[in-house]
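A quick write-up on the structure given underneath.
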Amino acid sequence: MKPTVSQQESIRQTLRPVLKYKETYDEVYDHILSSLEELPCNADFTAALHHIIERDFGGLNNIYSLEARRINTMIKEFIGEYFNSVWKCLSSLPLLAAAVMITLLCVWMKPLFAQVQHGSNLYCIMAPVLVFLMKKIAINKRDRLNQSHCLAILSRMSYPRDPLS
């Protein structure tokens with residue numbers, strides 16, 4: 001059975017008070033429409049609608065709890081990825097400490113290096129700093145890509161649907 005415009009509006013009116021996020025609303029709405037289209041044309045719309053909601057989702061209250069669990073899971077995943085990126089950032093501290101120590105050692109031992117070549121002091125000081133900066137840039141680029149992916153997912157989920165749609 002293909003739902004009429006008024007039946008589609010009835011489905012919307014049933015789902016609006018229960019679902020908060022547009023993505024979840026769209027998924028449940030599409031699922032209900034697909035299930036209704038598989039039914040024979042002479043089926044009672046209201047009974048079929050409530051049967052589909054009970055059979056596929058466990059009722060309207062369960063739809064609400066499914067949405068809440070999904071959002072909580074996504075938030076936990078986002079927080080986990082955030083702390084992983086913080087941990088990766090902290091893992092570069094030994095490299096920073098080594099770069100600072102080598103730089104200080106080179107500065108303090110400058111008179112010894114002055115005998116070799118004039119430009120070697122600069123290379124000795126800059127090499128560990130450049131290694132640190134290159135690794136830091138690579139980590140930041142990868143983390144920014146991960147964060148932008150997480151933010152894109154959350155932005156789709158965190159905006160409540162338009163009440164007029």
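So the values come out like this:
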read-out: Meets criteria (farther than 30 Å from Ile137 by Cα, charged (D, E, K, R) and either more than 19 Å from the chain's Cα centre (by Cα) or at pLDDT 85 or above (or both)) for Lys2; value: yes
read-out: Tally of residues being closer than 15 Å to Leu19 by Cα, among the aliphatic types (A, V, I, L, M) and in contact (Cβ under 8 Å) with a residue 24 or more places away in the chain across region 67-77; value: 1
read-out: Unique match (being under 30 Å from Ile137 (Cβ atoms) and either surrounded by 14 or more Cβ atoms within 10 Å (Cβ to Cβ) or among the acidic types (Asp, Glu) (or both)) among Glu23, Glu37, Glu81; value: Glu81
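The values are calculated or read from the model by the stated rules, or taken from the named source; none is laboratory data. Bear in mind that the values here come from a model prediction, so they are computed numbers and not experimental data. For neighbour counting, all protein chains shown are included, and Cβ atoms are generated from backbone atoms with ideal geometry for every residue, glycine included.
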